[in-house]
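Worksheet: one structure, shown below.
What follows draws every value from the coordinates through simple rules; no lab data is involved. The structure presented is a predicted model; accordingly, all values stated were derived computationally and were not measured. Reconstructed Cβ throughout: ideal geometry from the backbone, glycine too, with neighbour counts over all protein chains shown.
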Amino acid sequence: MSLLSDIKAAIIDQVLNLIKSAVSGVKDWVNARIQDTIAGLTQIYNTVKKYVTNVYKTVNEYVTNVYTTVEEYTTNVYETVEKYVTNKYYTTEEFVTNIIGASTEWVEGRLVDMTAYIDDKIGSLDPTKFLMNPVLYITEVAAALSLAEATEMVESFLAGLLEGLDEELES
């Protein structure tokens, strides 16, 4: 090699070494900032995860406690009502049997008669029989309206068809 080639190679090596040393500091600084950023994001993720987990646990406990409380309350109310109704039934049965001297069958017969009487009164106050069977009444009205709508659709189609035929025949 020649002297100029050696000088050129030495200059290139010196420049490359200077660039490497300058870039090395920047590279180290960038790597450190990246590590700091990753550590910060990890800390944020862990904090958010902990918060969400705590909220979930709190809501879950609250819902469980409300469900348990409502279930206990409902059970207590049901048992109390059941005892009250049972006691009232036996007390009424004893009263009717002992005081009036009527048998249970006689009282049940009078209740059946009273129910029939009330049904007749409701029937006279409701000539459409809506109160006797609301679902059937609503179904029948809907069917009648559907039939009327279908009839109107057929009539409209027929009128349009006849009008179209008249126009065809005139042309």
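Cβ-Cβ distance of Thr80 and Asn133, R₀ of 25 Å, FRET efficiency by 1/(1 + (r/R0)^6): the value works out to about 0.15. Sequence-ordered 3J(HN,Hα) estimates for the range 16-31 from the Karplus curve with 6.51, -1.76 and 1.60 and θ = phi - 60° stand at 4, 5, 5, 5, 4, 5, 5, 6, 4, x, 5, 4, 4, 5, 5, 4 Hz, glycine and proline given as x. Label-to-label distance, Ala144 versus Leu18, with points set 7 angstrom from Cα along the beta-carbon direction: 10.4 nm. The alpha-carbon of Lys8 sits under 21 angstrom from the alpha-carbons of these lysines, leaving out residues fewer than 8 places away in its chain: Lys20. Take the Cα of Tyr62, step 7 Å toward its Cβ, do the same at Tyr117, and the gap between the two points is 5.6 nm.
Between Ala9 and Thr69, residue separation times 0.36 nm minus the direct Cα-Cα distance comes to 12.9 nm.
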